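The values are calculated or read from the model by the stated rules, or taken from the named source; none is laboratory data. Owing to the predicted nature of the structure, the values given are computational and were not obtained by experimental measurement. Neighbour counts are summed over all protein chains in view; Cβ atoms, including those assigned to glycine, are modelled from backbone coordinates with ideal geometry. Note: accessible area is taken over every heavy atom of the protein model, side chains too, but ligands, DNA and RNA are not part of it. Shrake-Rupley method; radii C 1.70, N 1.55, O 1.52, S 1.80 Å.
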Amino acid sequence: MPLADFLSQLAELETAAREAFAAAADTHALEAARVEFLGAKGGRLKAAQKGLGTIPPADKPAAGQRFNAVKTQIDADFAAAKERLASAATTGQAADFDPTTPGTPLVLGHLHPITQTIEELKDIMGRLGFSATEGPEIEDEWHNFEALNIPASHPARDPLENFYLATAESVAGAGGTPGAPLLLRSQTSTVQIRVMENTRPPVRIVSLGRVYRPDTADATHYPMFHQIEGLLIDRRVTMADLKSVLRLFATSYLGRDVHIRFRPSFFPFTEPSVEVDMQWGEHWIEFGGAGMVDPNVLSAVGYNPDEVSGFAFGLGVERLCARRHHVTDIREFYKNDVRFLHQF
Ligand code: FA5
């Protein structure tokens, strides 16, 4: 190849490389250009080098010199383009980054308000000397009704008032006879029976858990809700003890200014029985039931009603929590709307 042709080829290559490197908008484009011009295998500079061998010997030194100069220039253009992209990346970042901008706060989960309430109520009752126990949510009729002095003819046992389970199997630990009907417990009073069956008096327990009733949901009702059950059995326990404990409980959870009142009522498992109302602004709201444990119940669990007496109470946890936080509809607790739940 004549020297002139070789030199014009080199000049063309030099221009093309400079333009390609200058046009590369990002590191991928620059790398593609590098491979095209400087690639060790099949790069255009490599191809041009092969032309050197075809130059007449007299012209070789000049051709070689020019080739080296072009190679140096292309290397330099590549390095400059690389530098340009690197500094654009860092200055771009620096422009966007403002260390004084407040960070995005991490969203931390927390316990559901009803769980928080349960923990707090356990704590309050613990300070009054009541230890926490639990019972199964699937119950047999003995613990949910029979032992609580609710005979088969009682309207509370109507299948339409309860969630009976289709299965006739008895569950481990439920203590029922195999084949006996099972239901979702409708009250935590079941736990009173379970504890008394296994403990000698004195007894001082509290039990918090879910209960189920086919009630229509409204501002104060839900088909699944929670109760706190308290039971104290000892010698010479009176209604006065019951009222003192409930008043202490209410003021500890709701504040010193809360008032409670008892209204005469009826529960098959307590005698006498009362409804427990607490003040809510101008109104009195029913929070639960209570009374002196009926002698029939004491006998059913093998206690001697002539030796021991006791009181029991069962209150709705959702209503307590709602009263404390001024929530006017307990359905809010179960909508799973995080905007609501975040506030607790
Ligand atoms: C009972 O369940 C009795 N076991 C309470 C008791 C225990 C009496 C020990 C005597 C001795 P009652 O059905 O009234 O009683 O329910 C008690 C409380 O549970 C109610 O006052 C209310 O606060 C709450 N409650 C009842 N039904 C619902 C419901 N569907 N949704 C939310 N809370 C409810």
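Observations on the model:
- Amide H partners (placed H, <5 Å) of Phe287, local residues excluded: Val276, Asp277, Met278
- Note on the chain: GNM, Cα springs under 10 Å; of Arg84, Arg261, Arg185, the largest mean-square fluctuation is that of Arg84.
- For q = 0.09, 0.10, 0.14 Å⁻¹, Debye-computed log10 I/I(0) when each Cα of the chain counts as one equal scatterer: -0.60, -0.69, -1.11
- What region 3-96 shows is 61 Å² of accessible area per residue, with the surface traced by a 1.4 Å probe over protein heavy atoms.
- Taking every alpha-carbon pair in region 96-254 and binning the separations at 5 Å intervals from zero gives 1, 7, 13, 16, 17, 14, 11, 6, 3, 2, 2, 2, 2, 1, 0, 0 percent.
- The local environment of Thr90, defined by Cβ-Cβ distances under 15 Å, has a net charge of -1 under the rule Lys, Arg +1 and Asp, Glu -1.
- Å² of accessible area per residue within region 113-341, as computed with a 1.4 Å probe and no ligands counted: 47 Å²
- When the Gaussian network model of the chain links Cα atoms closer than 10 Å, the mean-square fluctuations of Phe225, Phe37, Phe311 top out at Phe37.
- Formal net charge of residues neighbouring Gly255 (Cβ-Cβ distance under 15 Å; K, R +1; D, E -1): +2
- Within the straight-line cut-off of under 28 Å between alpha carbons, the lysines reachable from Lys41 are Lys50, Lys60, Lys71, Lys82, sequence neighbours fewer than 8 places apart in one chain being disregarded.
- Electrostatic bookkeeping for Glu120 treats Lys and Arg as +1 and Asp and Glu as -1; over the other residues with beta carbon under 12 Å from its beta carbon, the sum is +1.
- GNM on the chain, alpha-carbon springs under 10 angstrom: the most fluctuating residue among Glu286, Glu19, Glu197 is Glu19.
- Listed by chain and number, the lysines whose C-alpha is less than 30 Å from the C-alpha of Lys122, apart from same-chain residues fewer than 8 away, are Lys243, Lys335.
- Percent carbon-and-sulfur accessible area, region 113-341, ignoring ligands, DNA and RNA, probe 1.4 Å: 51 percent
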